[in-house]
Structures are given as structure tokens and as C-alpha cells.
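Worksheet: the structure to be examined is printed underneath.
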Amino acid sequence: MTQKILAAHAGLESVQAGQLILADLDLVLGNDITSPVAIKEFAKLGKNSVFDRNKVTMIMDHFAPNKDIKAAEQCRLCRDFCMDTDITHFYDVGEMGIEHALIPEKGLASAGDLIIGADSHTCTYGALGAFSTGVGSTDMACGMAVGKAWFKVPSAIKVELTGSLRKYVTGKDVILHLIGMIGVDGALYKSLEFTGSGLASLTMSDRLCIANMAIEAGAKNGIFDVDETTLDYIRAHGAAEPRIFRADADAVYDRTITIDLSQIEPTVAFPHLPENTRTFGQIDDIKIDQVVIGSCTNGRLEDLKIAAEIMKGRKAAKNVRVIVIPATQRVYLEAMELGLLKTFIEFGAVVSTPTCGPCLGGHMGILAAGERAVATTNRNFVGRMGHPGSEVYLASPATAAASAVTGRITSPWEVPEK
């Protein structure tokens with residue numbers, strides 16, 4: 001799939017793994033941390049305008065609403081640039097969201113697109129059948145200027161999914177299981193291509209989560225076969241007409257991995273790598289201090305619904321801080337209309353405006369030395385969410401909510417009765 005998309009955008013009949021190509025871009029993305037560097041590099045190119053004002057987007061999400069003076073200056077630089085260049089898709093406080101949730105929601109990504117973003121989790125849009133990958137800020141600058149980027153064509157790993165997920169098991173558990181199998185460099189500079197009969201049981205939220213964390217296995221991108229679920233989502237969000245690329249029956253893969261979704265259990269990644277995964281027969285009694293439900297990985301409405309289902313009628317464990325961050329303003333509004341925010345607040349949680357916040361140790365939930373958090377985020381490196389002596393345990397919204405109830409890392413299958 002990936003090689004066909006790259007060939008089409010390079011104007012070639014076909015490409016081979018390892019080949020260097022120059023390809024046309026459908027979207028160039030930056031945020032409030034990476035865009036300022038790209039803007040400064042863009043200025044060095046002597047350009048006065050971007051290649052297409054409808055195909056460049058900047059989203060203020062990492063340190064927004066601004067947490068300090070430096071964050072405010074970064075956002076102002078982005079704001080001024082987008083005003084000066086008349087960029088259509090600039091999203092600031094009040095209409096922004098976490099970029100990798102906002103882009104699909106706004107219909108800015110579609111099947112067959114080629115997308116680069118100055119953020120490593122740009123691989124999220126592979127859930128829609130697009131080739132999307134993270135790049136550096138200088139690549140972003142050149143992409144904004146000329147609408148093209150250089151790529152080394154990746155080889156591919158086929159991930160054949162069968163069966164169906166059980167209750168409270170989600171895409172987060174699937175991708176943590178896969179990373180636990182192959183390691184954080186198991187798909188280094190390869191395309192993870194997801195296919196098989198099991199796709200039918202995965203929601204778009206599941207797929208977006210899985211594609212989002214392809215980078216945590218070292219992959220260049222993650223990409224899903226396009227089916228009716230994909231097409232329904234694309235139509236519902238007003239995205240461009242899909243261009244569907246399918247792998248040939250005799251496509252060459254470096255390896256094929258088969259995963260029976262019915263056998264996946266609630267999974268937790270222990271500090272300090274996403275590959276350090278365990279299921280609940282392997283987890284001891286671990287007390288926690290904080291739970292974070294949100295991020296570009298798991299801040300969508302479906303994620304909040306699952307968490308609220310477990311929290312409803314219960315109270316957060318004593319001395320556990322619970323932070324819920326809807327991924328976009330639309331998700332926030334829908335959660336409010338469904339009464340989910342009331343459930344969270346009555347449970348004892350705080351509900352934040354959309355922001356990346358604590359995921360990258362930014363704001364809205366930084367950890368002190370020795371503290372432990374269960375988070376639905378995507379990385380748990382040393383110091384990722386605060387003090388180098390803190391610990392982050394990655395889990396699904398269901399597991400995070402269950403852990404918030406007990407104050408310990410807990411399976412959603414084992415939540416105490418109300």
C-alpha cells in the first residue's frame with residue numbers, strides 16, 4: 001500500500017524499497033513547538049508564500065493554552081506567519097484540538113494522501129489509508145515552500161488481524177501487544193500494513209490509535225486497508241475523494257505477523273519503554289498517584305465513553321489525581337452533551353481544555369519525583385511526564401479508568417462492584 005502511494009505521488013509506475021524519490025505532498029503539518037523552527041528556516045529560503053495555503057496547517061496544541069512566556073511567543077510567531085501567508089487551516093485556542101485527532105475530524109486527511117508533519121505521531125492518518133509520517137522542522141519548511149519532500153521508500157511488514165476484540169479491550173491493547181512482540185525497533189523504517197478479517201471489528205478510534213503508535217515500534221508509517229468503515233468516516237467528515245491503494249496479492253513483505261484479536265488481553269506498558277508490556281497475570285500490586293485519559297492516542301469520544309462507563313457511580317481512589325483531556329473541542333462538546341463530563345467530575349476528575357498537556361511533560365499534570373501515573377498516552381520514557389524519577393505506565397482508557405477506581409494498576413475486567 002505504502003509503496004503504491006509513494007509511486008503515485010512521485011509520478012512513477014512503481015518504486016522499490018530503498019529507492020530515493022521526490023514526491024508531491026497533500027498536507028504539511030506543524031504544531032506550536034515544531035512550527036517556529038520551520039518558520040525561521042522557511043524565511044531563509046526567501047519565499048513569501050507557501051506552495052498552497054489550503055495544504056499547510058498549524059495547530060496550537062502542545063503548550064496551548066500558553067503555559068508560560070516562551071510558549072506564548074512561539075504561538076504568536078505561528079499566528080503571525082499564518083496570517084501573513086493566509087493559511088486556511090490555522091487552529092488556535094477555542095477551535096483547536098490535539099493535532100492528530102483534529103486533522104481527521106476536520107476532514108483534512110483522506111485515503112491515498114501523502115502527508116508529512118513535524119511531529120512523530122503524524123503516522124496516525126494511516127488509519128484512513130493515507131501515507132503519513134513525521135519529519136523534522138527543516139523538512140516541514142521545504143514542504144511548505146515547494147509542496148514536495150524526499151523519501152527513502154520503506155519495505156513493509158504485514159500485520160494480519162483475525163477475530164474480534166472482547167469487552168474493554170481496544171486498539172490500545174492491540175498496538176501495545178504488537179510493540180511488546182517486536183520491540184521499539186522491530187519495524188525500524190518499515191511500513192506496518194494492517195489487513196485481514198479482524199479489521200471489521202475495529203472502530204476508526206481503534207485504528208487511529210494503532211496507527212498513531214506505529215512510530216513506537218520504529219515504523220516509518222502505519223497504514224490500514226481501506227474498507228467501508230474507512231469510507232464512512234471519510235464521507236462523514238467531508239474529506240477529499242478517497243484514492244484507494246491496495247497491496248498486490250504477490251506483494252513482498254519482510255515478514256508477516258498474525259494477531260488473533262480475540263486473544264488480546266488488557267495490556268500495560270511498564271517504564272521506561274512501550275515494548276515493556278505485561279498483561280494482568282504478570283502485574284503485581286502497584287500503587288499509583290495519577291491517571292491521565294486523553295492525548296492524540298486516546299482522547300476521542302469513544303475513549304471517553306469507555307472511561308465514563310467504568311467511572312459512573314463510582315469515586316476516584318483517595319489520593320489519586322484523575323485528569324481527563326478531550327482531544328478536540330468537538331469531542332469536548334459531544335462529551336458534555338452526553339453527560340460524560342458530569343460523570344467525570346462526580347467521579348472526582350478534572351476535565352481540561354483540549355491540549356497535549358502532560359503527555360510530553362508540558363503542563364496540566366506534571367509528575368513529581370517518585371510518582372507513578374497510568375496514562376493513555378503513547379510514550380513512557382524516563383522523565384516523559386515530569387521528574388526523571390517518576391514512572392509512566394501506558395494503558396487503554398478502560399484500564400486507566402479501572403486503575404483510577406482502585407488506586408492501583410487494575411484490569412477493567414476486575415473493577416470492584418459499585
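Couplings for segment 247-256, taken from phi via the Karplus curve 6.51 cos²θ - 1.76 cosθ + 1.60 with θ = phi - 60°, read 5, 5, 4, 9, 4, 8, 10, 5, 6, 10 Hz in order; Gly and Pro are left as x.
Distant-in-sequence amide contacts of residue 255, defined by a placed amide H-H separation under 5 Å and a gap of 5 or more residues or a different chain, comprise 158. Normalised by the number of residues in the chain, the average gap of Cα pairs under 8 Å and 6 or more apart makes the relative contact order 17 percent. Here residue 148 is the anchor, and the aspartates and glutamates within straight C-alpha reach of less than 19 Å, apart from those fewer than 8 places off in the same chain, are 13, 24, 26, 41, 52, 113, 119, 139.
Counting only other residues whose beta carbon sits under 12 Å from that of residue 348, what net charge do I get with K and R as +1, D and E as -1? List each step's numbers first, then the result.
Details: positive: 314, 315, 318, 321; negative: 346.
Residues close to residue 348 contribute a combined charge of +3.
For residue 277, the residues whose amide H sits under 5 Å from its own are 270, ignoring neighbours fewer than 5 places away on the same chain, with H placed 1.01 Å from N.
To the nearest 500 deg cm²/dmol, what mean residue ellipticity at 222 nm is calculated for the chain from DSSP H runs of n ≥ 4 alone, each contributing -39,500 (n - 2.57), summed and divided by the residues?
That comes out to -8500 deg cm²/dmol.
Rolling a 1.4 angstrom probe over the chain with all protein chains present gives an accessible area of which 50% lies on carbon and sulfur atoms. Evaluated with a Cβ-only charge set (Lys, Arg +1; Asp, Glu -1), segment 1-125 carries a dipole of roughly 240 debye about its Cα centre, given to the nearest 20. Bridgeable lysines around residue 287 (alpha carbons under 20 Å apart, same-chain partners fewer than 8 residues away excluded): 315, 318.
In the structure shown, do any of 167/190; 4/220; 305/418 have a Cα-Cα gap over 20 Å, and if so which?
Numbers: 167/190 31 Å; 4/220 15 Å; 305/418 18 Å.
Those over the limit are 167/190.
If you plug the beta carbon distance of residue 353 and residue 253 into 1/(1 + (r/R0)^6) with R0 = 56 Å, you get a FRET efficiency near 0.85. Counting 0.36 nm for each residue step from residue 80 to residue 47 and taking away their Cα separation leaves a gain of 10.3 nm.
Taking only protein heavy atoms into account and a 1.4 Å probe, give the accessible area per residue of segment 161-201 in Å².
Values: 1390 Å² over 41 residues.
Value returned for segment 161-201: 34 Å² of accessible area per residue.
For the chain, a crude dipole built from +1 on the beta carbon of Lys and Arg and -1 on the beta carbon of Asp and Glu, taken about the Cα centre, is about 740 debye to the nearest 20. With contacts taken as Cα pairs under 8 Å and at least 6 residues apart, segment 282-392 reaches a relative contact order of 31 percent.
Of the whole protein surface, residue 49 contributes about 70 Å² of accessible area at a 1.4 Å probe radius.
The values are calculated or read from the model by the stated rules, or taken from the named source; none is laboratory data. Predicted, not measured: the structure shown is a model, and the values here were computed from it. Cβ atoms come from the backbone with ideal geometry, glycine included; neighbour counts cover every protein chain shown. What goes into the accessible areas is simple: the full protein's heavy atoms, side chains included, and nothing from ligands, DNA or RNA. Shrake-Rupley method; radii C 1.70, N 1.55, O 1.52, S 1.80 Å.
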